[in-house]
Each structure stands twice: as C-alpha cells, then as structure tokens.
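Since every read-out is calculated from the coordinates, none of them should be taken as a lab result. Just so we're clear, the structure is a prediction, and the values are computed from it rather than from any experiment. Heads up, the Cβs are rebuilt from the backbone with ideal geometry, glycines too, and the neighbour counts pull from every protein chain shown.
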Amino acid sequence: MKPRHPCILIYLIAGVLLANNLPTESAANLSGQPKKQTWTWAESACSNQENWIYNEGISQEWREEIKKFLNKKITPAHAFSDALMLRQISKSSEVRWLGEYWISRSLFQAGLLHIAHQGFNSIVAYPVTQHGLGIQIAALECLNLIQRTYPTLGLNAALRERITLFFSDSIAPSQREVLYEAAENILKSQLGENASRSALKKTLALFHADGAYEGFASALWASYESDHFQAIIEWSRFLKGKNLRLLKRYSDQAHLLLARAYFSQGQFVAASDQLKSVRKNSNELTKALSELAWSYLLNGNPPEAIGTALNLEAGGLRHTFAPESPMVMAMALNELCQFPESLKAIHIFWRNYEKSYLWLKEWSNRRGSQALYPLAIVDLKKWRGQNHNHLIQAESNIPDRISSEWIRSPIFISYQDELNLLSDERNSITTLGQQGLIEQRQIATDIHTLGQELKLKVHALRKSLKPEEPLPGPVRIDLLKLKNLLLHYVRFKQASRFWRIIINHHQLRSDHLKNKIISSINLDLSERTLKMFSQLEEISENNQLIEIEIYNGATDDIIWQNAHPDYKEMAMKLKDTDSKSAPSQVWDWGRLPAGSDRASEIWEDELGSFKANLYDNCSNREKYLALKNR
C-alpha cells in the first residue's frame with residue numbers, strides 16, 4: 001500500500017504541535033547563542049578536517065545540521081536541501097552566505113565540482129564585510145583545493161582586482177595562508193597570460209613579509225624578467241628554506257629554473273647539480289637530462305655529456321622527443337677526436353627522428369586540416385595498452401616521439417583531467433538525483449507510519465487526560481521527530497525544483513565547455529607540433545655544419561696518424577692506464593661497436609648522471625708526442 005502524501009498529515013498533527021507548545025522552525029530561531037566572537041569562519045574548508053567557528057548569528061540547530069554533514073551522517077542530497085532552506089529563511093547576509101557556502105559544499109562533496117566552483121566564485125565576488133569575510137575565505141580555500149587538482153578551474157578574473165580587500169589584521173594565520181595560495185595562483189595565471197607589469201607588481205605586493213610564498217613569488221618574477229643573478233638568489237633561498245607543504249610540488253620546476261639561471265651565468269657545475277636533483281618520475285625529466293648534457297659539454301666534460309645524451313636514446317626515454325641529445329653526443333665525441341663515433345651519433349639522429357620529421361613536414365603542409373586532439377587520445381590509449389579501434393579505424397601512424405610530447409603537455413594533461421571530470425559529473429548527477437529521490441520517499445514512508453501511530457495514540461490519550469494536562473514525554477518526543485521529518489520532507493520538495501534548474505543549466509554549459517576545452521587542447525598541440533618541426537629543421541642544419549667539422553677533423557687526424565704509424569698501439573696502452581687509475585669514477589657504457597649505431601650497455605648511478613668510458617684521442621696525441629720527445 002502506498003503511503004498518503006505527507007502534507008495531509010500536517011493538518012492532522014498541527015493542532016497537537018501547537019496545543020503542546022512544541023518548538024517550530026522560523027527565521028527568528030537563528031540566534032540565541034551567547035556572544036563569543038564577531039564573525040563565522042572555517043578551518044581546513046572542503047577537507048575531512050573542516051571545522052567551523054560560529055558567532056551568535058548561527059543557531060544551535062543549524063550548527064548541528066552542518067556538523068552532521070561534515071561528519072558524513074547525512075547525504076549530500078540531504079545537506080543540499082537543508083542549505084537551500086537556510087538560505088531562504090535567513091534575514092542576515094552572514095547566514096545567507098553560510099547557506100550559499102553550504103549549497104556549494106554539498107555539491108563539492110557529491111563530486112559536482114564545476115557547479116560547486118561557480119558557487120564558491122560567486123561567494124568570493126560578494127562585497128567584503130566583516131561578518132561575511134570568514135565565509136568568503138572558506139569559499140576561497142575550497143577554490144584553491146579545486147585548482148590544486150584541476151588547474152584549469154581557476155579563480156574568477158574579478159578576484160584579481162579585489163583580493164587585497166580580503167587581507168585583514170584580524171584573520172587567523174591559516175586564513176592568511178589561504179589568501180597567499182590564491183595570490184600565488186593569480187600570479188601564475190598573470191605570468192602565463194603576459195599580464196601588464198603594473199598588474200604583476202600589484203600581485204607581488206601581496207606577498208610582503210610572508211617567507212615561503214614571498215620567496216616563491218620573487219623567484220618566479222626574477223625568472224620572468226630574465227634577471228638570472230636575482231633568480232639564483234631567490235630560487236636557492238626557496239629550495240633551501242622550509243617550504244610550505246603546498247609549495248613542495250613545485251620543487252622540480254624550481255630546480256629546472258635555477259639550473260637555467262646558473263647556465264645563463266656560465267656556472268655549468270652548479271647547473272648540473274640542480275638538473276640532477278629533478279626527480280626521475282618527473283614530467284620534467286626529459287628537459288632536465290637534455291639540459292644536463294649541454295651543461296656537461298660546455299663545462300668541458302665530454303664523457304659525461306655523451307653518457308647523459310645516451311640515456312635519452314635508451315630505455316623508456318627513447319620514446320620522448322629530445323632531438324638535441326644525438327647532436328650533443330656528436331659534438332662531445334668530436335671534442336674527444338672520436339670522429340667515426342661522432343658521425344654515428346649524427347646517424348642516430350637521422351635514424352631516430354627521420355619518421356618524426358617526415359610526419360611533421362606532411363602535417364605542416366596541411367596544417368589546420370585535421371584536429372590533433374583525436375589523434376592524441378588514440379595514442380594515449382595506445383600508451384595505456386587499451387583498445388582504441390572503436391575511435392579510429394586506421395592504425396595510428398604518429399611517431400612515438402611526437403605523441404609522447406603531446407600527452408606530456410601540462411596543458412593537455414590539465415584540460416584532459418577537466419574533460420574526465422565532466423564525464424564523471426554526469427554519473428554524479430544521476431547518483432545524487434537518485435539518492436535524493438530514495439531519501440525523500442523514505443521520509444514520506446516514515447511520516448506516514450509514524451503519523452498513523454501518533455494519531456491513534458493522541459486520540460486515545462485525549463480521552464484519559466484532562467484538557468490542561470500535557471502529553472506524556474515519549475509521545476512528545478515522537479511528535480518532535482515527526483515535526484523534523486515533515487520539515488525535511490518539505491525541504492526535499494523545494495530542493496528538487498531548484499536542483500532541476502541547476503542541472504539543466506550545467507548540462508547546457510557542459511556541452512559548450514567541452515567544445516571550448518577541446519579547442520584549447522587543439523591550439524596547444526598545434527603550437528607544440530609546429531615547435532617540434534621547427535626544432536628538427538634547425539637541428540638538421542646544425543648537424544650538417546657539425547658533420548663538415550667532423551670530416552675536417554677526421555681528415556687532419558688521418559694525415560696525422562699516417563705520419564705517426566705507432567700511435568694507435570700506444571694510444572690503447574694510454575687508455576688502459578687511464579682506466580686503471582680511477583676505475584671507481586668511470587661508468588662504462590661500452591664503445592659504439594662497429595656496424596651499430598647504439599651503445600651496447602648503459603649503467604646509471606644513484607644521482608642519475610652517466611659517464612662514458614671513451615678515451616680522449618686528442619689528449620692522447622699530446623701524451624704520445626710528450627713520450628716521443630723524451
């Protein structure tokens with residue numbers, strides 16, 4: 001048997017509720033707490049440790065409801081309906097903003113981050129007041145958390161102009177850290193968008209006297225300004241200091257930028273040390289190793305340069321786009337007067353990058369005729385070992401070195417994460433809707449059952465009790481329980497209408513947003529692809545010049561060796577002597593064997609650097625002449 005609509009029971013019990021003076025909810029019941037502080041604010045907003053400190057404007061009833069939600073004793077659907085009611089009945093802006101926050105917080109908990117993101121941005125856009133500032137900073141902390149996971153979901157552009165209004169002497173240190181993280185996100189966005197110097201300096205001024213965040217911002221600014229001397233000071237201080245937990249995720253980028261500053265100043269040893277500090281699971285490893293090879297070469301360490309360059313042509317890194325590594329190897333081998341091996345290094349470049357060059361050249365001729373994002377997705381699934389024939393019938397012919405560069409792009413990764421989020425949100429919408437419907441029906445059933453029981457009890461008791469005599473305690477408790485069930489049922493009914501409006505708007509916006517994201521990815525991939533093509537053309541020209549230099553050196557070497565026929569035998573003895581003198585300092589990856597363009601073996605030490613066991617033919621000439629002239 002289906003339960004009656006619970007609204008019918010309201011009239012049955014209304015007289016009982018009023019006759020027994022049971023409390024009912026109203027806007028007037030929002031106050032009543034002893035005055036302890038002047039504003040409401042949160043610690044660790046949008047986390048499992050979220051905790052609120054209230055002022056007298058928030059009633060105990062609503063504090064308990066919020067606490068239940070934060071302790072996961074009620075569902076996001078339940079919390080959503082309660083939050084709407086709180087916003088509706090509130091008379092003060094502070095309570096209304098708390099209701100707004102709670103609406104977005106329940107959607108955040110349900111995994112609907114795009115909708116929650118819009119709600120939190122709306123809260124921080126309100127005029128800043130003393131009583132509402134704590135709630136706005138809590139919303140800002142949630143926005144920081146969302147952007148930490150999904151970098152493309154940033155702060156509202158309007159916040160950049162007014163974030164200074166949030167800084168107050170009365171805020172807690174944890175709230176100030178929230179503001180610094182938001183300012184740091186604003187600064188990064190401005191640097192990426194080439195904002196005006198006045199806008200950048202205005203943001204930098206927010207970090208005054210803050211330690212870690214100020215150091216990070218100053219270091220970013222120095223690198224942006226190409227002030228290498230100042231960048232060395234700032235990045236060194238940042239890496240040596242006790243960085244805040246949230247800034248440690250930038251350590252690899254910090255090492256890379258510091259290395260580039262050292263490199264620009266000609267301090268190649270210091271640059272090498274920083275490049276070797278980049279983690280081996282970092283997305284920056286390919287860049288770090290390529291620049292490390294250059295540092296070794298320019299510092300006069302050809303064996304280390306050769307070994308590092310070879311690392312980019314072996315193992316999993318051989319699929320990455322690092323076309324400068326064979327060129328560095330060729331130049332280093334030429335420095336050692338190892339001319340045949342130097343030519344083979346150039347041949348490694350042509351062999352490993354010929355397919356990539358031809359593909360890029362063909363793409364350049366028909367640029368704009370085909371979107372790259374679908375191709376990147378196909379190869380992404382290929383890298384993950386998934387079957388992708390249902391997406392594109394033909395086998396992907398994109399060279400690994402190109403597709404790996406696409407899917408390593410930070411922009412591609414960030415936007416793809418957001419696309420995946422949009423897909424997950426479709427499931428979350430269905431789940432939350434079903435959750436709310438099931439809970440609403442259960443409340444209706446509970447109302448019907450309890451209402452019928454109480455109706456019989458009250459009628460029976462009225463016959464035995466005197467008119468002025470109150471109802472027994474257990475019955476009054478059940479009546480309060482019924483009252484709460486009715487209130488929550490009404491809230492669910494009102495929330496369902498608002499929920500449909502939100503979802504319809506989100507679904508319309510999602511289609512537009514998806515197209516916008518894919519367009520942004522295609523633009524980034526096109527720019528990267530064009531850059532790869534330009535880089536290969538430039539390196540091809542450089543390799544031709546290096547090849548000429550190698551042939552010139554090889555010609556002179558052949559003439560010299562013909563004039564000294566006993567040199568080869570003595571050179572091998574000198575090589576063996578050098579190897580025995582410092583065996584622990586040599587990482588032997590083997591000679592480039594005849595007829596092969598690959599190194600036979602590579603060993604990696606704990607620092608990630610490599611050293612080639614190739615003797616220096618140029619210095620051996622000098623040793624040979626010194627021995628001959630004795």
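What to note about this one:
- Calculated log₁₀ intensity ratio I(q)/I(0) where the Debye formula runs over C-alpha points of the stretch 262-358, q = 0.11, 0.13, 0.20, 0.24 Å⁻¹: -0.31, -0.43, -0.95, -1.23
- Charge-dipole axis of the stretch 31-192 as Lys and Arg at +1 and Asp and Glu at -1 on Cβ define it, positive-most pick from L112, S122, I58: L112
- Taking 7 Å steps out from each Cα toward its Cβ at K91 and S364 produces label points 7.3 nm apart.
- Relative contact order of the stretch 85-140: 32 percent, from C-alpha pairs under 8 Å at least 6 residues apart in sequence.
- For the stretch 453-534, average projected area of the Cα convex hull in nm²: 10.0
- Multiplying the residue separation of L545 and N48 by 0.36 nm and removing their Cα-Cα distance gives an extension gain of 172.8 nm.
- Rg and Dmax over the alpha-carbon atoms of the stretch 86-150 stand at 11.4, 36 Å.
- Kirkwood-Stokes translational diffusion coefficient of the stretch 31-192, alpha-carbon pairs, 4 °C, 1.567 mPa s, µm²/s: 82
- Basic side chains Lys and Arg get +1 at the Cβ, acidic Asp and Glu get -1 at the Cβ, and with that the dipole of the stretch 31-192 about its Cα centre reaches some 200 debye.
- Sparsely packed loop sites in the stretch 35-123 (the chymotrypsin sites (Phe, Trp or Tyr not before Pro) outside DSSP H, G, I, E and B with at most 13 other Cβ atoms within 10 Å) do not occur.
- Within the stretch 119-204, GluC sites (Glu not before Pro) in DSSP loop having at most 14 other beta-carbon neighbours inside 10 Å: E193
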